[in-house]
1. May I ask you to list the residues in region 1-40 that are closer than 26 Å to Glu163 by Cβ and hydrophobic (A, V, I, L, M, F, W, C)?
2. Go through region 145-185 and give me each residue that's surrounded by 15 or more Cβ atoms within 10 Å (Cβ to Cβ), over 18 Å from Asp104 (Cβ atoms) and at pLDDT below 90.
Amino acid sequence: MDNQKARLLIARRQLGTALWLFGHDRDSVSVHTLASAAAQLVAHSVRSVGEEPWSFYIEKSNPQLTRREIRATFSAFDRHFKHATTHKENAELETANHLSQFHDRLNGYALWAAWYDYMLAAKKLPIPAQVFQIWWAEKTVEGHGLHMPFEEFRGLRDFEPEEQKRRLRLITEKALLDEELRQFPGTDLDPLIMDAIHIPIDSD
């Protein structure tokens, strides 16, 4: 296994677990930490296949900010979830203040962006991730004018977060049984959360 495949395998595992936790309204801090770690791996992988990661478009849309400033913005919570002190000054981080400002909505964006990059690099997405990408677009992009393939997702913004996620789980379960979707070349049929024994150490 080469480094590119190893990174994608690790990211796939992190994102799969993070998406399941997110969809079932479980530990938000773990979701954010897993998604952020995966995002760093897939961004590198995307560039390796000649594509641009989602962060590239953020940079283009914010020319007044340096790449370092943009990264600092996106890693603000991730940094506090992984470290106790700053890297250079070894000063204690204000973790309590950041935790009080943290919201699960940040995880939706982090997951959407990381899965977007993963799709560019791996050319495939598991069915739950495909459903999530559509769910997130319907939830956040107002007036997009697109026809949503799942009726349960229409008007999603009018519902409370708990109901929104319930509908995400409902459609995911239905989509997993859709034979046409399962046969689609861009579908990854591996389980969303993989067992450790499935790591293909000796594969090419």
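1. Across region 1-40, the qualifying residues are Leu15, Ala18, Leu19, Trp20, Leu21, Phe22, Val29, Val31, Leu34, Ala35.
2. Those that are surrounded by 15 or more Cβ atoms within 10 Å (Cβ to Cβ), over 18 Å from Asp104 (Cβ atoms) and at pLDDT below 90: Met148, Phe150, Glu152, Phe153.
Results for (1) among the β-branched types (Val, Ile, Thr); (2) surrounded by fewer than 22 Cβ atoms within 10 Å (Cβ to Cβ); (3) touching a residue at least 24 places away in the same chain (Cβ under 8 Å); (4) in contact with an Asp or Glu (Cβ under 6 Å, 6 or more places away or on another chain), shown as yes or no for each residue.
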residue	(1), (2), (3), (4)
Gln4	no, yes, yes, no
Arg7	no, yes, yes, no
Arg12	no, no, yes, no
Thr17	yes, yes, yes, no
His24	no, yes, yes, no
Ser30	no, yes, no, no
Ala35	no, no, yes, no
Ala38	no, no, yes, no
His44	no, yes, yes, no
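The values are calculated or read from the model by the stated rules, or taken from the named source; none is laboratory data. Just so we're clear, the structure is a prediction, and the values are computed from it rather than from any experiment. Cβ atoms come from the backbone with ideal geometry, glycine included; neighbour counts cover every protein chain shown.
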